[in-house]
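Please read the structure below before turning to the comments.
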Amino acid sequence: MELVLQALLNGLVSGALLAVPAIGFTAMFAVLRFPNFSVSGVATLGAFAGYTAYAAGFQIVGSLAVAFLVAGIVGLFLDKVAHLPLVKQGALPAAIASIASGLVLENVVRLGFGNDMRGYDRPIARDVRFGELRVNPQQTETMGVALAIMLLVFAALAFTRIGKAMRASADNPELAALKGIRPERVAMMASFVGMGLVGMGGMLLGLDSSIDPLTGARILLSIFAAAVLGGLGSAPGAVLGAFLIGMAEELAVLVVGSPYRAAVGFFAILIVLSVRPRGLLGERAF
Amino acid sequence: MSLLVVNDLRGGYVAADEIVKGATLHVDEGEIVSLIGPNGAGKSTLLKLIAGLLRPKAGQVRLRDRDTAGLGAPEISRLGLSFVPQERNVFGGMTIAENLEMGGFVDGRHAKQRIAELYERFPMLADKRRAAARTLSGGQRQILAMAIALMNAPKLLLLDEPTAGLSPRAAEELFGTIVALNTSGVAILMVEQNALEALAVSARACVLVQGRVEREGHAGELASDPTVRDLFLGGKAQPMLAGSV
């Protein structure tokens, strides 16, 4: 029983970290209308940008800001140059192009930093015990940062003019354009913010473990599964999906072992698409 | 004085496909004009061409004495024209308050005041301001769609089939709302399948057939015209449509 509770607790932490890039992925899908798989490369880039900033003396929050900016700018550039011109031909060509650009980005990082695993140099802290359950203070801190980022994103979507414009454009693009909300500006904003969140997600996952050029590729399936499970295009759905996937992955480790952990994402996508294709909260609840 | 003058307007969804084939009409300040005609006559397309959602192939649209050629929908909206589409005319996932806010996106300076005025005019919207638009009934949704359009304080409102899919009672209530709006000084150009009801509240009407305005006149006269009655107001059969008006 303690093992299960511990797995659920770990799942909550990894779910919170996964939720940040999942919100970015689903926000981009809601506005740009294609699944942007270059998030794998962008998450890796964000992780390394944050790592470099942290090594240069930035604090965690400052390093996250660097990860956000670098990932946002590069992600926006990729969207403008490689993905959005193809969206007119349909979501599939843009999605395929995004797989390619993700691979390019991953290898650019490999070229610059090599294949070695790297870890953020953080002070070692003793686990806090609650009965049989153990919580690492650093994980708690990272989870808190992830939750704060989520709150900021939801507040921006709910209360700012540009956030509402993004939601309006995702909800009803034709009416939004009729009301003077410029679709190309909203698309650029969604791309920059979405990719920035993916970059921060890459760094948060790096803070929790370590980073290497495959950091993004390893979480791509989980991000996609979280977004599909919650409902593609739904930001609250992405958060719910991320927590469920995080906990399911941790529980799966107990049952089938860690090598098969990644299978959880595949199963989640398979089940959702078979039983409830619109996801738990329905698409476009963004 | 004419608020809107449309002269020999041509256009459609794609360059090669001309649905509106030389339509000419006008709307004076403060009047309701109904646009009636058979399915496929180009009524909705004509509204979209006037509103700037489609680019005209030829012809002219003058709004408040200004040529709208080359202007997009938001710019035309700034000149005092608001268009209410037939479908997908609200932001379903957003609250009513947010819908109204988005309606005034191009000019946010007076948004709060406009929203307060609209809440006063439509108390239902005030009561449900925190509810998502998708939870509204069909009639309530149409009222919200009109309120979104009114956020720009338009002089002219284009309504595309406002009562489509509504119950007879809801449609009657909506016609009442349209008349009340008009009484407050907003001119209305309306495409409506419930032609008799539309003519009953309109000052004038235009009959559009195959992309051209074939008849124009006082709504009452057109409503009592035997040919128009037979063809468009529940009279005789469809085969008479082509070229008989």
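Be a star and scan segment A:237-253 for residues whose amide nitrogen sits under 16 Å from the point 7 Å along the Cα-to-Cβ vector of A:VAL4. So the set is A:247-253. The phi-based Karplus calculation (6.51 cos²θ - 1.76 cosθ + 1.60; θ = phi - 60°) puts the 3J(HN,Hα) values of segment A:154-168 at 5, 5, 5, 5, 7, 10, 9, 4, 5, x, 5, 4, 5, 5, 5 Hz, whole numbers, x for Gly and Pro. What does the net charge come to around B:ASP8 if you take all other residues with beta carbon closer than 13 Å to its beta carbon, with K and R at +1 and D and E at -1? Residues near B:ASP8 contribute +4 overall.
The ranking of A:ILE99, A:ILE211 from fewest to most other beta carbons within 10 Å of each one's beta carbon is A:ILE99, A:ILE211. With unit charges on the beta carbons (Lys and Arg positive, Asp and Glu negative) and the dipole taken about the Cα centre of the protein assembly as shown, which residue among A:PRO21, B:ILE178, A:SER169 sits farthest to the positive side? Checked the options; the winner is A:PRO21. DSSP beta bridges in the protein assembly as shown, what fraction antiparallel, as a percent rounded to 5? Beta bridges within the protein assembly as shown, antiparallel portion: roughly 60 percent.
Measure up A:LYS88/B:LYS48; B:LYS48/B:LYS155; A:LYS164/B:LYS112; A:LYS88/B:LYS155 against 26 Å on the Cα-Cα distance and list the ones that go over.
On the way: A:LYS88/B:LYS48 22 Å; B:LYS48/B:LYS155 17 Å; A:LYS164/B:LYS112 16 Å; A:LYS88/B:LYS155 36 Å.
Cα-Cα > 26 Å for A:LYS88/B:LYS155; rest within.
Taking 7 Å steps out from each Cα toward its Cβ at B:ALA180 and A:ARG129 produces label points 7.0 nm apart.
If you take the Cα centroid of segment B:123-167 and the Cα centroid of segment A:192-206, the two points sit 39 Å apart. Rg over Rh for the protein assembly as shown works out to 1.09, both radii taken from alpha-carbon positions and Rh defined as the Kirkwood radius. Partner shielding of A:159-168 amounts to 3, given as the average count of beta-carbon atoms from other chains within 10 Å of each residue beta-carbon.
Starting with the fewest neighbours, write out B:MET151, A:MET117, B:MET1 ranked by other beta-carbon atoms found within 10 Å of each beta-carbon.
Numbers: B:MET151 26, A:MET117 12, B:MET1 7.
Result, fewest neighbours first: B:MET1, A:MET117, B:MET151.
Hey, if you drop one equal point scatterer on each alpha-carbon of chain A and run the Debye formula without solvent, what base-10 log of I(q)/I(0) do you get at q = 0.07, 0.10 Å⁻¹? Calculated log10 I(q)/I(0) at the listed q: -0.24, -0.49. Electrostatic tally near B:THR24: other residues with Cβ closer than 13 Å to its Cβ, Lys and Arg +1, Asp and Glu -1, net +2. Taken about its Cα centre, segment B:1-159 carries a charge dipole of roughly 340 debye when the Cβ of each Lys and Arg holds +1 and the Cβ of each Asp and Glu holds -1.
Fewest neighbouring Cβ atoms within 10 Å first, the residues A:HIS83, B:HIS26 line up as B:HIS26, A:HIS83.
Averaged over the residues of B:142-153, the number of partner chain Cβ atoms lying within 10 Å of the residue Cβ comes to 1.
For chain B, the mean projected area of the C-alpha convex hull, equal to one quarter of the hull surface, is 12.8 nm². Helix A:183-208 versus the longest principal axis of chain A: what is the Cα-based angle in degrees, 0 to 90, to the nearest 10? Computed tilt is about 10 degrees.
Whole-percent P(r), segment A:65-178, all Cα pairs, 5 Å bins from 0: 2, 8, 9, 13, 15, 16, 14, 10, 7, 4, 2, 0.
The residue list B:ALA133, B:LEU156, B:LEU71 was ranked by how far each Cα lies along the charge dipole of segment B:60-196 toward its positive end, using unit charges on Cβ atoms, and B:ALA133 comes out on top. With a 10 Å cut-off around each Cβ of B:85-94, the average count of Cβ atoms from other chains is 5.
Converting the Cα gyration tensor eigenvalues of segment B:14-73 into ellipsoid dimensions via √(5λ) gives semi-axes, longest first, of 18, 17, 9 Å.
Of the beta bridges in segment B:88-236, as assigned by DSSP with both residues counted there, near 60 percent are antiparallel.
Separation of segment A:215-281 and segment B:175-192, taken as the distance between their Cα centroids, equals 51 angstrom.
Tally Lys/Arg at +1 and Asp/Glu at -1 over every other residue whose Cβ is under 15 Å from the Cβ of A:VAL145; what's the total? Walk me through the intermediate numbers first.
Numbers: positive: A:ARG122; negative: A:GLU141, A:ASP208.
Once positives and negatives cancel, what remains is -1.
Laboratory data are not the source of any read-out in this text; all were calculated from the coordinates shown. Only a predicted model underlies this, so the values are computations on that prediction, with no experimental measurement involved. Virtual Cβ from ideal backbone geometry, glycine too; neighbours counted across all protein chains shown.
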